[in-house]
Amino acid sequence: MAATAAYAAATTVLIPRLSNKPTRCSALPHLPPRVSSSSSSSFPLKQYAESRRSSLLQIRASSEETSTSVDAGELFTDLKEKWDALENKSTVLLYGGGAIVAVWLSSIVVGAINSVPLLPKIMELVGLGYTGWFVYRYLLFKSSRKELATDIEALKKKIAGTE
């Protein structure tokens, strides 16, 4: 309650007035009027904060209606055309199944490593050390960045089979 009162007091902009009625700036219509301490009635700040929070959530939720929709039938027809165009369907199924098994096994290994008490922190340190070494070796200096770019291009050519 005290934090909400402090927020309202800090964000309310008072306009110089001729009367004793508190006023607020018209550019900030969402802020409540500032209530003087001599007044016996108090503004329900907690209720105002809750209503303001819910109105912000409603505004944010309604502003994100610009999502693109994909027709499911069109997606399935495209996938069917690509599947029919494949020559080695068994190879694709074998590689896909192997990838799923590899992801499953790696998640089991990571879970086992995380259950050992000190090992996750040691692995974090190893990862931070390797990241520091990589940045120092390949990213700090212009000549080493060029070397990294040529290594990546050579690897791309090797994978694509154009070398």
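Working out 0.36 nm times the residue gap between Leu148 and Ser107, then minus their Cα-Cα distance, what length gain in nm do you get to one decimal?
11.7 nm
Are there chymotrypsin sites (Phe, Trp or Tyr not before Pro) in segment 85-163 that DSSP puts in a loop and that have at most 14 other Cβ atoms within 10 Å, and which ones?
Counting only loop positions with at most 14 other Cβ atoms within 10 Å, the chymotrypsin sites (Phe, Trp or Tyr not before Pro) in segment 85-163 are Phe141.
Just so you know, all these numbers are worked out from the coordinates, no wet-lab data involved. Just so you know, these numbers come straight off a predicted model, no measurement behind them. Note that we place each Cβ from the backbone using ideal geometry, even for glycine, and neighbour counts take in every protein chain shown.
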